[in-house]
1. Looking at Gly66, Gly55, Gly119 in this structure, which one is open to solvent by 50 Å² or more (accessible area, probe 1.4 Å), at positive phi and small (Gly, Ala, Ser)?
2. Can you work out which of the residues in the stretch 10-20 that are of a type in the set (A, V, I, L, M, F, W, C) and within 15 Å of the chain's Cα centre (by Cα) is most open to solvent (accessible area, probe 1.4 Å)?
3. Which ones in the stretch 43-97 are among the acidic types (Asp, Glu), part of a loop (DSSP other than H, G, I, E, B) and closer than 19 Å to Gly15 by Cα?
4. Which residues, counting only those in the stretch 21-42, are in a strand (DSSP E or B), within 20 Å of Val104 (Cα to Cα) and open to solvent by 50 Å² or more (accessible area, probe 1.4 Å)?
5. Within the stretch 98-112, which residues are farther than 30 Å from Ala125 by Cβ and not in a strand (DSSP E or B)?
6. Criterion first (within 22 Å of Asp112 (Cα to Cα) and either at pLDDT 95 or above or loosely packed, with under 12 Cβ neighbours inside 10 Å (or both)) does Gln3 satisfy it?
7. In this structure, does Thr91 turn out to be open to solvent by less than 60 Å² (accessible area, probe 1.4 Å), in contact with a Ser or Thr (Cβ under 8 Å, 6 or more places away or on another chain) and closer than 11 Å to Met34 by Cα?
Amino acid sequence: QVQVVESGGGLVQAGGSLRLSCTASGLTFDDYTMGWFRQAPGKEREGVSCITWSGEPTYYADSVKGRFTISRDNAKNTLYLQMNSLKPEDTAMYYCAAELTWVVADTCRGSDFGYWGQGTQVTVAS
């Protein structure tokens, strides 16, 4: 079966950095568009960033542009999110998602993605 697992979350001070990782198994990784999404308590899930099968970013939320960088290593079946200059409003559960690239195309909507990880918590101290 397909397995998607996030790691790298934790507690960080405002202005600090974290690097999230997402490993996928049970699928042909370079057939899949990947994305990062986040959800804070009481708020709707938000698309953070998405990336094509070949490593081209297709979307960044306005709130993270210039601070977050999405990347992937297809040889390692791994997706990354480098988060710099973190703010308290970045506090959320961060989820990794995968979908066949010919299904999701260049969108970054959570409803378009079929495979999801369990999430990793990011907490930014104010």
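The values are calculated or read from the model by the stated rules, or taken from the named source; none is laboratory data. Just so you know, these numbers come straight off a predicted model, no measurement behind them. Heads up, the Cβs are rebuilt from the backbone with ideal geometry, glycines too, and the neighbour counts pull from every protein chain shown. These accessible areas exclude ligands, DNA and RNA; they are computed on the full protein's heavy atoms, side chains included. Shrake-Rupley method; radii C 1.70, N 1.55, O 1.52, S 1.80 Å.
1. Gly66
2. Step by step, filter the stretch 10-20, then rank; the result is Leu18.
3. Correct list: Asp62 only.
4. Thr23, Ser25
5. Thr101, Trp102, Val103, Val104, Ala105, Asp106, Thr107, Arg109, Ser111, Asp112, listed by residue number.
6. yes
7. For Thr91, the condition - open to solvent by less than 60 Å² (accessible area, probe 1.4 Å), in contact with a Ser or Thr (Cβ under 8 Å, 6 or more places away or on another chain) and closer than 11 Å to Met34 by Cα - is not met.
Listed here are the residues, each with its yes/no results for (1) of a type outside the set (Gly, Ala, Ser); (2) under 16 Å from Thr123 (Cβ atoms).
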| site | (1), (2) |
| --- | --- |
| Val5 | yes, no |
| Gly8 | no, yes |
| Ala14 | no, yes |
| Gly35 | no, no |
| Gly42 | no, yes |
| Glu46 | yes, no |
| Ala61 | no, no |
| Lys87 | yes, yes |
| Met93 | yes, yes |
